[in-house]
Structure formats: structure tokens, C-alpha cells
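Reading through the C-alpha cells given below for one structure.
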Amino acid sequence: MISADKHRHPELAKPLMGNFGRQEWAILGTSCGSIRDLAGQLIGELSPSYACAYADASHHAGESPEGMTGYGAHCEYTNLLHSRQLVFRSDFGVFQQRSVFSQADVVFVNGNHHEAARQIAIVDSKKEASLLKRSGQLTNPDLIILKEGVDAPFAWLDELLSGKTVPVLQLKNISGIAAIIRALLEKSSPRLKGLVLAGGKSSRMGADKGEIVWHGVPQREYAARLLSEFCEEVYLSCRPDQAADMAPQPVITDTFTGLGPYGAILSAFRHDPDAAWLVLACDLPLFDREAVCELVSARSVKSAATAPRLDSASFPEPLVAIWEPKSYPLLLSFLAQGVSCPRKVLINTDTYLVNASRPETLSNINSREEAEDIRARYPGSFSSDNH
């Protein structure tokens, strides 16, 4: 038997998660119907910009469509006209909940049945006992809402929140409530970090593509400079045996080995699962500041990723894209199904596609012949380069 002191776990950067998702609010203090109504109105306000979800509980067994699960099926999937329904028989713990809600930017939760990392407390004169019973759940309240006929929070609630500045709004002020939630979501938007893919073996080129000089410096250095204007931090992605040659630029070495760029992106998320990663391959010599600005300006945090393409008929470019934190579990899920093509992930998930205003910026160079051709066709795009 293995003793406890010999049972070791590798150190992993854990994402900041609640019981359901990264950003979640339990709404409590009033009837379940009123909670559902408020959540629905907030989702209506926020859904154009954010992927929203709602978690509740059924009050009566008859409300739950048992279907095949009543016969013993693990789950039942129904393709409805305008939505999809998936009924599980098994219990859900926090890990299963996070998996189900992994693509949501915000989860509103019925606080009468579930707890969440952050809370919205509704002051309802008819439900004071209910809120008082759940006062221990008010660990991180962001908003106090006064129901019709209520002029101020309960005295005990004021005392509980002593020292905390929590805005108080009327329930009818839906736009004001949504504005506060929207501001909190914007404040917590995933920070953008840069990843220059410089770990390829460049077998077709016959030389390290990251060391080719197109703009006066090695291309990997040029790419890192491009991203540094838009990203909080920029790293070079490389194999462990290359790390010493990348100094002084910070590096993220592959920890998902043998998977090429797919493993590089996963390794970046393993390094920081809460960041969005702006990925740029080092074989795109025409990709410049204007192209980076175009991509960053189009960024959609609601989507799993934002990626450029040549035109509406073309496939997305996965190696010059912004991968949001919600794409991390998707990448792992695809890998578990034997898929290690980042483009296939983009094609089969919610990706925001941007038609490149200058398609030539997406030209990737993999051979000496291609390098000579692009130098000849775009001579004014390069300076102080060598061949």
C-alpha cells in the first residue's frame, strides 16, 4: 500500500473556478420564480456579448423528464427544434458541473438550491427568513436588490455587510443591474498573453524558421516584439532542448510532447489556464502590427477563439489566433478523442472568424523556394534581411 507521504501530485496551475464556472452569481432572497425571472432578464441583457448559463433545481419529480434514464440509461440526448436536451441519471459533483458549464462566461444560479462564489441578494419583505437562513452563503456579495415595496436592506443585512461597499438597486432597474454585472465581467475579462510558436523542426526549410531574418532581427524576436504591444506577457514556445538558445526571451517549453503546435497551445494553458493566448507562428513574415491590431480589435471573449481566414470560403488559421481560456477544456476533449489538429478544433467549435483585410499577411513560408518567392513579390515589406 502506498503511504500518504509518498503520494505525490505534480504542481499544476489551477484555473480560478467557482462551483459552476469562472464567473458565477447565486441569486437568493426571494421566490424561485422571481429568481428565474431576474436571471432571464439579465441573460437577455448580457447574452449579445457573453455566453450566459443558468443553474436551478426542480421542485417536483414530475418536472424532470425522466425518459430513458427512468429505464436505467446513463443519459438521454434529444435534438429539439431550437435547442438540445441532455438528461443525466448520475449525480453531478462540482467537477461535472464545471465541465458542463465550461463554455459559459457567466452562470446565474438559483441560490435557494445551489451556492456560488459570488452572490446577488434580493431583499424581499416576504422572504426575510429565507435570506437570513442563507446568510452564511453571502461570502462575496456584489449587489443588493430591493424588491417592490422595500426601501432599504434589512438591518441585519446592513450589519453583515459592514465595511463592504455593495451597490443597492431596485429590482425594476434591470438595465442598471445588468450594467453592474457587465462592468464586473469586463473587469475580469481574461488577460491577453502572447505565444510565439518557435519549436518546429523546420525540416522543409532546412534551417530554423525562427532564426531567419526578415525584418532586421530573427523572426521569433520580431514576432515577440509585435505581440508585446498588445499582450501582458510574451513567451517563446519551444522544445525543452531549445530553451537555452531562446534567452533572454521568456519561454514555455512543451509539456505536451509530440503534438506539434497543438501541444504548444496546451502547454501555454497549463502554464496559465486563466489567460487568453494570442498565438503567432514564426513562419508568417508578412504578418505585421496592422494585422495583429485587426485580430485583437475583433476579439470575441464570448467565443472559444478568434481566428482570421483568407475569406468566407476559407478555413480558419489556428496558428495566428486568440485562444480564450474556455478553449482549454475543448482542446483536451478533442485530444481525448484522438484529434490533435488545432484547425479542426476551430472548425468544430464556437470560433469567431475574421476575414483578413490583407490576405497576404497569412502567407506561411515553409521552404527556401517559398521564401525567395515572397521576397520577390513583396520587396518593400522587408528590411535589413539576409537570405
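Taken together, the values in this text are just the output of simple stated rules run on the coordinates, not laboratory data. For clarity, every value in this text was computed on a predicted model and none was experimentally measured. Counting neighbours? That spans all protein chains shown, and the Cβs are built from the backbone with ideal geometry, glycine included.
Rank by packing, highest mean first: peptides 87-97, 215-225, with packing defined as the count of other Cβ atoms within 10 Å averaged across residues. Can you show the working numbers first?
Working: 87-97: 12.1, 215-225: 20.2.
The densest-packed peptide leads the list: 215-225, 87-97.
Between ARG358 and LEU16, what FRET efficiency follows from the Cβ-Cβ distance if R0 is 45 Å, with the result rounded to 0.05?
Details: r = 37 Å, r/R0 = 0.83.
So the FRET efficiency works out to roughly 0.75.
Compute the long axis of helix 261-271 from its Cα atoms, compare it with the longest principal axis of the Cα atoms of the chain, and write down the angle in degrees, 0 to 90, nearest 10.
The helix 261-271 is inclined about 50 degrees to the chain.
Against the longest alpha carbon principal axis of the chain, how many degrees, from 0 to 90 and to the nearest 10, is the axis of helix 32-46 turned?
Roughly 30 degrees, rounded to the nearest 10.
I'd like to compare 242-252, 120-130: which one has the highest average count of other Cβ atoms within 10 Å, and what's the full order after that? Walk me through the numbers before you get to the answer.
On the way: 242-252: 14.1, 120-130: 18.5.
Put in order of decreasing packing, that is 120-130, 242-252.
How large is the charge dipole for the chain, taken about the Cα centre, if only the Cβ atoms of Lys, Arg (+1) and Asp, Glu (-1) carry charge, to the nearest 20 debye?
On the way: 38 positive and 45 negative charges, 92 e Å.
So the magnitude is around 440 debye.
Quickly estimate the mean residue ellipticity at 222 nm for the chain, helices only: each DSSP H run with n ≥ 4 gives -39500 (n - 2.57), and the total goes over all residues, rounded to 500. Before the final figure, lay out each step's value.
Values: 11 runs with 104 residues, N = 387.
Computed ellipticity for the chain at 222 nm equals -7500 deg cm²/dmol.
R0 = 35 Å: FRET efficiency of SER125 with ILE43, Cβ-based, nearest 0.05?
On the way: r = 26 Å, r/R0 = 0.75.
Here the calculated transfer efficiency is 0.85.
For mean projected area of the Cα convex hull in nm², several values are listed as (1) 26.1; (2) 22.1; (3) 20.3; flag the one computed from this structure.
Identified label for the calculated read-out: (1).
Using label points projected 7 Å from each Cα along Cα→Cβ, tell me how many nm separate ASN140 and CYS32, to one decimal.
Between ASN140 and CYS32, the simple spin-label model gives 2.6 nm.
Roughly how big is region 192-381's charge dipole about its Cα centre, with Cβ charges of +1 (Lys, Arg) and -1 (Asp, Glu), in debye to the nearest 20?
Working: 19 positive and 24 negative charges, 73 e Å.
Here the size comes out at about 360 debye.
By average Cβ neighbour count within 10 Å, what is the ranking of 27-34, 306-313 from highest down? Show your work: numbers first, answer last.
Working: 27-34: 20.1, 306-313: 16.4.
Packing order, densest peptide first, comes out as 27-34, 306-313.
So for the pair GLU232, LYS133, with labels modelled 7 Å out along Cα→Cβ, what separation do we get in nm?
4.1 nm
Under a crude label model (7 Å from the Cα following the beta-carbon direction), how far is SER297 from ALA152 in nanometres?
Result: 5.1 nm between the two label points.
What are the ³J(HN,Hα) couplings of region 213-229, residue after residue, when phi is run through the Karplus curve with 6.51, -1.76, 1.60 and θ = phi - 60°? Round to Hz, x for glycine and proline.
9, 10, 10, x, 9, x, 4, 5, 5, 4, 4, 5, 5, 4, 6, 4, 6
For the chain, what is the relative contact order in percent, using Cα pairs closer than 8 Å and at least 6 residues apart in sequence? Intermediate values should be presented prior to the final figure.
Details: 638 pairs, mean separation 59.4, N = 387.
Reported as a whole number, the value is 15 percent.
Based on DSSP, what percent of beta bridges with both residues in the chain are antiparallel, to the nearest 5? Don't skip to the answer; put the middle values down first.
Details: 12 of 50 bridges.
Rounded to the nearest five, the antiparallel share is 25 percent.
Name the residue from SER303, CYS293, LEU171 whose Cα lies farthest towards the positive end of the charge dipole of region 152-303, charges +1 on Cβ of Lys and Arg and -1 on Cβ of Asp and Glu.
It is LEU171, whose Cα lies furthest towards the positive end.
Give the calculated FRET efficiency between ALA178 and SER381 to the nearest 0.05, with a Förster radius of 41 Å applied to their Cβ-Cβ distance.
Numbers: r = 46 Å, r/R0 = 1.12.
Efficiency at R0 = 41 Å is approximately 0.35.
Quick one: which of LYS164/LYS302; LYS147/LYS302; LYS164/LYS326; LYS302/LYS344; LYS127/LYS164 span more than 27 angstrom between C-alpha atoms?
In this structure, LYS164/LYS302; LYS147/LYS302; LYS164/LYS326 exceed 27 Å between Cα atoms.
Considering only LEU331, LEU80, LEU353, give the residue with the highest GNM mean-square fluctuation for the chain, with springs between Cα atoms whenever their separation is below 10 Å.
Residue with maximal mean-square fluctuation among LEU331, LEU80, LEU353: LEU80.
Between the helical axis of 368-377 and the dominant principal axis of the chain, each derived from Cα atoms, what acute angle in degrees is found, rounded to the nearest 10?
Orientation of helix 368-377: about 90 degrees from the principal axis.
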